[in-house]
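Here the structure comes first, spelled out in structure tokens, and everything after it is commentary.
The values are calculated or read from the model by the stated rules, or taken from the named source; none is laboratory data. Source: prediction; values computed, not measured. Backbone-built Cβ (ideal geometry, glycine too); neighbour counts: all protein chains shown. Surface accessibility is based on the protein's heavy atoms, side chains included, excluding ligands, DNA and RNA. Shrake-Rupley method; radii C 1.70, N 1.55, O 1.52, S 1.80 Å.
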Amino acid sequence: MNVSKARAVIVVDVQADFTQYCSGALAVPDTGRDYVAATIKATKDFKKSGLPILATRDYHPADHISFFTSHPGKKPLDVIRIGDRDQVLWPPHCVQDTPGAAILIPSELITAVVSTGDRSEFESYSGFRDDGGRDTGLKELLEKVGARNLIVFGLATDYCVKATVLHALEDGFRVTLVSGLSRGITPEGTEAALAEMEAAGAEIKA
Ligand SMILES: [Zn+2]
């Protein structure tokens, strides 16, 4: 068996709105030029090694449930109860067909793009399925390329990266999380997320 074929890379939400580099609407700390350059270089190297590169992108309608603007009287970072879970309300970000939604990894490096959060009424931190349980197609893509071992990095460690990693493990994939190529929104959240991913079976690599 060709070992390289059993692996794939998932680049989570390296998008304009999540980076300081692009003065994004929901910029994650420490995501300036160096961070973006490092993720592009790493992706290039993985691609050169023959690994399929799957990029997830947050891709919201303008009235998405996670935007504070969709809830009168609320402000950014307020937390509301939706169904059986807490929803953090974010500034509008990664709106479909806007520059903020652009993936910063050059498209020629990307094997396939998977969109998340494209239904107004459901949040989707995970690249695999949204809070309404709808599949994004990522699992099927991974099965198509024959990958069981995933290398994951991106934004943000304490939200979409974590959710994607936990679902991957739940679905039986092996996961290596590259922490040096990932950034979280808060230091405490990032620490907790790394511990949670590791406890669930992910290998954390600097
Ligand atoms: Zn979002």
| How many Å² of accessible area per residue for region 1-123, probe 1.4 Å? | 48
| message | Out of the total accessible area of the chain (probe 1.4 Å, heavy atoms of protein only), what percent is carbon and sulfur? | response | 52
| message | With every protein chain kept in place and ligands, DNA and RNA left out, what is the accessible area per residue of region 138-206? Probe 1.4 Å, answer in Å². | response | 44
| If you place +1 on the Cβ of every Lys and Arg and -1 on the Cβ of every Asp and Glu, how big does the dipole about the Cα centre of region 22-72 come out, in debye to the nearest 20? | 360
| For the Cα atoms of the chain, what angle does the longest principal axis make with the long axis of helix 187-199, in degrees from 0 to 90, nearest 10? | 50
| field | Charge dipole magnitude, Cβ of K and R +1, D and E -1 - the chain, Cα centre, debye nearest 20 | value | 740
| query | Working from the pairwise distances between different alpha carbons, so that the mean of 1/r is found and then inverted, what is the chain's Kirkwood radius in Å? | reply | 16.9
| Taking the highest mean first, how do the peptides 179-188, 124-133, 101-110 order by number of other beta carbon atoms within 10 angstrom per residue? | 124-133, 179-188, 101-110
| request: May I ask for the percentage of alpha-carbon pairs in region 96-206 that lie more than 16 Å from each other? | output: 61
| task | Find the lysine pairs in the chain meeting two conditions, Cα atoms under 16 Å apart and a separation of 8 or more places or different chains, and report how many there are. | result | 5
| Solvent-accessible surface (1.4 angstrom probe) belonging to L169, in square angstrom, nearest 10 | 30
| query | Taking amide H positions as placed 1.01 Å from N in the peptide plane, with prolines and chain starts having none, which residues 5 or more places from G154, or on another chain, fall under 5 Å of its amide H? | reply | V12, S182, R183
| Per-residue HN-Hα couplings for region 42-53 [Karplus 6.51, -1.76, 1.60; θ = phi - 60°; Hz; x = Gly/Pro] | 4, 5, 4, 5, 5, 4, 4, 6, x, 7, x, 10
